[in-house]
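Accompanying notes for the structure given below.
The values are calculated or read from the model by the stated rules, or taken from the named source; none is laboratory data. Just so we're clear, the structure is a prediction, and the values are computed from it rather than from any experiment. Every residue, glycine among them, receives a Cβ derived from its backbone with ideal geometry; neighbour counts consider all protein chains shown. Areas reflect the complete protein model, heavy atoms only, side chains present, ligands, DNA and RNA absent. Shrake-Rupley method; radii C 1.70, N 1.55, O 1.52, S 1.80 Å.
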Amino acid sequence: MNKAIRNIITAGILLIISFIYESGEASFLNKFPGTRPSGMGGAFTAVADDINAVKWNPAGLGGQGGFNFTSFYEKLYNIDDLTYQYLAASYSLKKFGTWGFGYTRFGNSIYRENELNLSAGKEIIRDVYLGASFNYLMLGIDEETRLVLDGRTATLGGSVSAIGLDAGILVNLSEKFACGVYLKNVNQPLIGLQREALPVFVAVGAAYKPYKELLVSLDLKKAVKDDANFKSGVEYRFSKYLACRMGVETRPARFSAGASARFRFIGIDYAFITHPELASSHHIAFNLFFGKEVEKPVEVKQEKKKQKPARITTETEGAVPSVPSEKKKPRLDVDIDQLGVEADDSLAVIEPIKDVKPEDMININTADVETLNQIPGISLIKAKKIIEYRVSAGKYKAVDDLLNVSGISKKLLDNIRQLLIVDEKERETKKQEGQPGK
């Protein structure tokens, strides 16, 4: 960029600064970092299931485990002098919730904004999360900066700071629906030369997951004395390692799109955002994931339901067919969770299951914890491990894949094999054949 163009841009920035710095509102209110949320049009209040929750809804931190990190970079409107950088990290303290730290830097040597965030989120009751953020806001202009307006010369140099408070709530209404509310600047911190209060900013969102791979979200965001901004986004996951997304918003009217790639604990996000008058922006983020999956699939949520203690017996109940045996053996009632350890298969009195009706077969790719727990020899712990493996490695392609699950021995699997299927087509085939399962 040559010197003339650079001077023109700098003059434009200073004109904006002359209004921003007076009240401080536009600066800390209208920019939200995070490549994944940006790619979804900013509709992230009810999603907030990754490290970006630090800035978008701290309540979402309560559903995350282990250690997570992100680093974000953008040239706002593709202008070299308007760089926007952000990094954040979170760590789960288990019963004390998940805590996050964020740092944001925007501007150049003439005008700069810096923000430090300390956030925390925790599940207070089942599927209800609360969160809060304490923000240290710093706004500064180079002391030698002067601006001439209406024949008067104004010196804009100096710096100011303030402390802001944000709060949020996130509720999983069902296995597919979630809603969230995020309040920014709850305490209305004073910033700017005239120490005016930053207005309270409210975001209300809803998220819907019709099936595991697809996520749809809607947000309504509004600041006091400002028009509402409607946002919507959609995300599709081709696999655990690859996803794409897009979104739209009304103020300003613009479109965004993005994609993510992940390998083990390393991830890269990209987002492209248009603007009706200014140049488009490109967002890039580098992520690290250590801990449990931040995605909340349907199967995992079902684990929170109250489960019937696992009972190891020669007889099964409910939808599971009875096991034929010439000689009745004593019933063993064992609450495996109370034992504190995984029960060995040798404790179970289990004989091979035969002659299973098609309608009684159990699909291990769709069954929940309670259904799997009804299978002879499958304790509550084993049932959870079966689902955890399904979430992390994908759907089972064959019944023998259960041997990859900790605690499932070949002997146990051989005894219950005829009860299990991996595809509903198998059930239909057995019905058409009109014969018991093999």
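Going by amide H atoms built from the backbone, whose H comes under 5 Å of the H on GLY377, apart from near neighbours?
Sorted by chain and number, the residues that satisfy this are THR313.
At 0.36 nm per residue, minus the direct Cα-Cα distance, what do LYS410 and ASP355 gain on full extension? Give it in nm, one decimal, please. Display every interim value, and only then the final one.
Numbers: separation 55, 0.36 × 55 = 19.80 nm, distance 2.01 nm.
Roughly 17.8 nm would be gained on extension.
Please compute the per residue accessible area over segment 387-438 with all protein chains in place, 1.4 Å probe, rounded to a whole number of Å².
On the way: 3060 Å² over 52 residues.
With the other protein chains kept in place, segment 387-438 gives 59 Å² per residue.
So what are the ³J(HN,Hα) numbers for segment 167-183, from phi and the Karplus equation (6.51, -1.76, 1.60; θ = phi - 60°), rounded to whole Hz, Gly and Pro as x?
Once θ is set to phi - 60°, the couplings for segment 167-183 become 8, x, 9, 9, 10, 8, 5, 7, 5, 10, 10, 9, 9, x, 9, 10, 10 Hz.
Please calculate the 1.4 Å probe accessible area of GLU123, with all protein chains present, and give it to the nearest 10 Å².
Approximately 60 Å² for this residue.
Quickly work out the GLN85-to-THR250 label distance, labels modelled 7 Å from Cα along the C-beta direction, and quote it in nm with one decimal.
That separation, rounded to one decimal, is 3.7 nm.
At a probe radius of 1.4 Å, what is the per-residue accessible area of THR250, in Å² to the nearest 10?
Probe radius 1.4 Å; accessible area of THR250 about 70 Å².
Given a Förster distance of 35 Å, report the FRET efficiency between ILE284 and LEU403 from their Cβ-Cβ distance, rounded to the nearest 0.05. Before the final figure, lay out the partial values.
Numbers: r = 41 Å, r/R0 = 1.17.
Using R0 = 35 Å, I get an efficiency of 0.30.
First obtain the Kirkwood hydrodynamic radius of segment 153-269 from its Cα pairs, then insert it into the Stokes-Einstein equation at 4 °C and 1.567 mPa s, and state the resulting D in µm² per second as a whole number. Show your work: numbers first, answer last.
On the way: Rh = 17.2 Å.
The estimated diffusion coefficient comes to 75 µm²/s.
In square nanometres and to one decimal, what's the mean projected area of the convex hull around the Cα atoms of segment 54-103?
Working: hull surface 14.9 nm².
In nm², the orientation-averaged hull projection of segment 54-103 is 3.7.
Using a Förster distance of 30 Å, how high is the FRET efficiency between ARG264 and LYS176, based on the Cβ-Cβ distance and rounded to 0.05? Display every interim value, and only then the final one.
Numbers: r = 29 Å, r/R0 = 0.95.
Between ARG264 and LYS176 the formula returns 0.60.
Each residue of segment 120-125 in turn: what ³J(HN,Hα) in whole Hz from Karplus with 6.51, -1.76, 1.60 and θ = phi - 60°, glycine and Pro shown as x?
8, x, 8, 7, 8, 9
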